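The values are calculated or read from the model by the stated rules, or taken from the named source; none is laboratory data. As the structure is a prediction and not an experimental result, all values here were calculated from the model. Don't worry about glycine lacking a Cβ; one is built from the backbone with ideal geometry, like all the others, and counts go over all protein chains shown. Calculation scope for accessible area: heavy atoms of the full protein, side chains included, ligands and nucleic acids excluded. Shrake-Rupley method; radii C 1.70, N 1.55, O 1.52, S 1.80 Å.
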Amino acid sequence: HNAQWGYKGDLAPEYWAKLDKEYEMCEKGKNQSPIDIAGQKTEASLEYITFYDDARATTFSNNGHTLKVSFARGNIIDFQGKDYSLVQMHFHTPSENRIDGISYEMEAHLVHKNKDGDFAVIAVMFEEAEDTNIVLNKLLRNVPEEKGESNSVRADVYGYDILPEDKEYYTFDGSLTTPPCTEGVKWIVFKNPVKASKNQLEDFRTIMKKNNRPLQDRNGRYILE
Ligand code: SG7
Ligand code: ZN
């Protein structure tokens, strides 16, 4: 069983590598996430990703680190010629990655895995607006407020609906943003944020607290756009 970790006090990100031998990449890694997607980017004429449209959410759970939505199996994206299936979506307040120095109110991570066990994480930024976000509203009706709590999602929530209309993205190599900070994760960050109301963002913030890992060094990594 691995050591406990967190975002403040003795369990804060600066100590992760010391908490458990298994977490050494959090300190030693050279391709860590999150990063500031700023400065030089490489024009790569990226192809649009083919998305699932039938990824129905099943449960909404609170693991003490984040609020996490699980999905039914069989929701596949085609990214760089490989199939990845959506496993879960979870949230960070404030955002972990930044875009041109800008930190957003919240960031959703849609975690995907391919048949070799490699991760691809799609990140969607949230900005505060007058608009109520319909998907977040459906989720918040079944929000698990206490750590360890899990509720079934009693509404039709699809992974696709959380994505921005404009599907332009940045992509780069990185890691899991939590221990064990495993590298070899393909990051796909949408350029355009989606909107959520002040109240909705406040609901997420109140339950999850601050759960963003600080920015990591880019170490010369290429960011494709
Ligand atoms: C959250 O972020 C959880 C983790 C996730 C981790 O703490 O959603 O997932 C589970 C199953 O608890 O770890 C392997 C994995 O998905 C890191 O994910 S992230 O890099 O996208 N932030
Ligand atoms: Zn995450």
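Here are a few things to note about the model shown:
- Cross-link pairs beyond the 21 Å C-alpha cut-off, checked among K167/K209; K21/K115; K30/K209; K138/K198: K167/K209; K21/K115; K30/K209
- Note on surface exposure: L140, L67, L224 rank L224, L140, L67 by accessible area, highest first, 1.4 Å probe.
- Per-residue accessible area (protein heavy atoms, 1.4 Å probe) orders H109, H65 as H65, H109, starting from the largest.
- Segment 154-225 and segment 1-54 have Cα centres separated by 11 Å.
- Residues in segment 139-156 carry Karplus couplings, in order, of 5, 5, 5, 10, 6, x, 6, 9, 4, x, 7, 9, 10, 7, 7, 8, 7, 7 Hz; the curve used is 6.51 cos²θ - 1.76 cosθ + 1.60 with θ = phi - 60°, and Gly or Pro positions show x.
- Between the beta carbons of Q40 and E127, assuming R0 = 25 Å, the FRET efficiency works out to 0.50 to the nearest 0.05.
- FRET efficiency, 1/(1 + (r/R0)^6) with R0 22 Å, evaluated for D166 and Q80 via beta carbons: 0.65
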